[in-house]
């Protein structure tokens, strides 16, 4: 009897594992294939791609789409701006948010509930686009590189993740450090931050992806400084210009000369802007899951 029961269980387990594996393969395919489709069509000749039927490999391999994107010298400048604002903005955002979250994780902080209430309200209500624009104008942030850095330095959602992580750190470590004469700043720098690598990596990934993908800041706040536009804003303008050209009478001539279309340029731009983040993510993946699990339960 026991042997038959074990056989039924093992058979049931095998069937379940097989169906579960098949289901996960289908989910992975549905998630990854659109990315592969974009890459394949971005490396295919634009005129040939208009006929359709390209699913797995480029039918007529071509680099014209990427040459068109990189043909303008402003692309390199825009890449430099994007890299600079991503590195600087992410570093400042992570450190500033961690410094704010550490005292807020202490229940003995005077006025803690007031601070948390004020911060939480901003998660659900904002001043709106026009008041924000006027505020940045009065702060002299328009056409200023700092408009990418200062507004993104603080994020309430990241604060909540930090707070829940800091609460998991044993208080005995801080007490022993205070006995040795360390102050709060030294404890934060020497003990808390080194123990916070998982959540630091998680928040850095959030902030970095947000900074890299942001095009709206350059579109709204760089009215007179095109040299400070990030690559996403520049590619947005390029695609919009190509679409505009295709609506004119010279659209056919433009397509024939450049061997590109608005769709092909969009696909190439998507690959260019996505590839760097995809290359960075594997290095942070081992910290990402742990950091998200720690911050999953909000106070």
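Read the figures in this text as sums done on the coordinates, not as results from a lab. Note that the structure is a prediction, hence the values are computed from the model and not measured.
Observations on the model:
- Over 20 Å [Cα-Cα, the stretch 1-124], rounded percent: 75 percent
- For the stretch 200-242, the calculated P(r), taken from all Cα-Cα distances in 5 Å bins from zero up to the bin holding the longest distance, is 5, 23, 24, 20, 12, 9, 4, 1, 0 percent.
- Calculated Rg and Dmax of the stretch 65-294 using C-alpha coordinates, Å: 22.0, 79
- Using distinct alpha-carbon pairs, which all enter the 1/r mean, Kirkwood radius of the stretch 59-170 in Å: 17.4 Å
- Semi-axis lengths, Å, the stretch 88-135, gyration tensor of Cα atoms, sqrt of 5 times eigenvalues: 24, 18, 7
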